[in-house]
Amino acid sequence: MPPSLTVEEKLVPGPNSSLNPQTKVILIVEDEAIIALAEKRILEKAGYTVHTACNGERAVELTESLERIDLILMDIDLGHEPDGTETAERILTRYEIPIMFLSSHTEADIVERTEGITSYGYIVKHSGDTVLLASIRMAFRLYEARRSIKEHMGMQDLILRVSKCLAATSDLQTILQIASDNLAKLSGLNSGAIYTLDNAVLTLRATTPPFTEPPPEKFLRARIQDHPHINNALQRREAVYIPDTGSEAFTEEEQAIAEGRQLKSILYVPLLSQGRSIGVFITGATSRKTSIKKTTILLCETLANIAALATANALNQSNSTE
């Protein structure tokens with residue numbers, strides 16, 4: 001039996017990929033009501049959704065109760081304990097949210113203390129609207145850059161662990177199911193299937209999630225000529241992405257697959273081994289149209305090639321024992 005593969009996924013609140021203020025929620029933690037109101041008006045005028053907390057305890061409560069918070073503007077001196085730095089430390093033990101400190105203090109020791117907690121910025125109060133808004137935009141960009149790096153490293157780690165699992169077995173069905181499950185996970189989509197190609201005929205080998213009942217014949221086997229998008233991916237030897245199946249020109253056979261699996265977006269990834277196409281991985285989004293980053297597609301291609309090599313080895317071993 002190959003080693004079991006589990007992928008830990010930690011979901012944490014944080015900004016989405018857009019820098020559009022209309023999509024962002026900011027929490028102001030400020031004990032002086034007049035200052036909090038002034039900051040709230042500035043941010044709302046810029047298009048942000050704003051919540052306020054007058055002390056550290058209330059700030060912690062809001063991080064737990066609000067559906068989302070994309071950034072926190074934290075006053076250091078909140079009048080009583082916990083102060084802003086202590087509150088930030090408590091929040092960051094549970095949530096991954098960029099926190100910017102605001103203070104009238106400019107002493108070096110205070111600034112250095114905040115840098116040890118978070119590095120998204122330190123703003124001196126009354127610096128002006130322009131400085132405040134520019135600092136917030138910079139914090140969002142920094143968060144996005146860090147999240148992108150973390151996501152990329154996580155995907156590389158997934159590829160490494162899947163490679164080890166594939167190398168631990170020569171059972172063809174196990175290999176294909178591991179590949180299908182983890183390619184779908186890597187792409188971020190929720191439906192996947194692997195077809196092998198032999199003499200211009202595609203044969204279904206694995207699905208994610210599995211069919212609850214036997215699928216129709218058109219799902220099990222298909223002629224490559226009836227699926228030009230798959231053929232295009234195989235001929236070009238690179239992934240083909242369809243972000244919106246509703247606006248794509250499909251053949252009758254392709255449309256039947258898309259509708260049968262309720263696919264709103266589709267990614268076709270060729271399985272390449274020793275310079276030839278031996279199959280294709282198909283993954284799609286079933287709930288809504290979904291965009292995929294180019295880096296994610298490249299990583300899917302990498303994992304697909306690893307899976308293709310393991311598949312080819314399993315096929316060779318199977319043929320040699322027959």
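The values are calculated or read from the model by the stated rules, or taken from the named source; none is laboratory data. Because the structure is a prediction, the values reported are computed rather than measured. With ideal geometry, Cβ positions are generated from the backbone for all residues, glycine too; neighbour counts draw on all protein chains shown. Remember, those area values only see protein heavy atoms, side chains included, never the ligands or the DNA or RNA. Shrake-Rupley method; radii C 1.70, N 1.55, O 1.52, S 1.80 Å.
Taking every protein chain into account, the accessible area of the range 172-322 amounts to 50 square angstrom per residue (probe 1.4 Å). With Cα atoms as the point set, the chain shows a radius of gyration and Dmax of 25.5, 82 Å.
Note on Arg137 and Lys125: the model spin-label points, each 7 Å out from Cα along the C-beta direction, lie 2.6 nm apart.
Specify whether the C-alpha gyration tensor of the range 210-292 places it in the rounded, prolate or oblate class, a ≥ b ≥ c being the square roots of the eigenvalues: rounded for a/c under 1.5, otherwise prolate if a/b is larger than b/c and oblate if not. The shape class here is oblate. For the pair Arg94 and Thr203 in one chain, pulling the backbone fully straight at 0.36 nm per residue adds 34.6 nm over the alpha carbon distance. Non-local lysine pairs in the chain, meaning eight or more places apart or on different chains, with alpha-carbon distances under 22 Å, amount to 25. Helix 129-167 and the longest principal axis of the C-alpha atoms of the chain enclose an angle of approximately 30°. Rounded to the nearest 500, the 222 nm mean residue ellipticity of the chain from helices alone is -14500 deg cm²/dmol, with -39,500 (n - 2.57) taken per DSSP H run of at least 4 residues.
Considering only Glu144, Glu86, Glu301, the mean-square fluctuation computed in a Gaussian network model of the chain, springs between alpha carbons under 10 angstrom, is largest for Glu86. Here's how it looks for Ile28: its modeled amide H is under 5 Å from those of His51, Thr52, Ala53, Leu73, which are all 5 or more places away or on a different chain. Length gained on full extension, Glu61 to Leu220, computed as 0.36 nm times the residue gap minus the Cα-Cα distance: 52.0 nm. Each peptide in 125-137, 195-207, 279-291 gets a packing score, the mean of other Cβ atoms within 10 Å over its residues, and the list from highest to lowest is 279-291, 195-207, 125-137. Secondary structure note: in the chain, about 65% of the DSSP beta bridges are antiparallel. Judged by the mean number of other Cβ atoms found within 10 Å, the most tightly packed of the peptides 255-264, 209-218, 27-36 leads the ranking 27-36, 255-264, 209-218.
With only Cα atoms counted, the range 257-302 has Rg and Dmax values of 12.2, 36 Å.
Just the protein heavy atoms count here, and of the accessible area of the range 22-102 at 1.4 Å, carbon and sulfur take up 49 percent.
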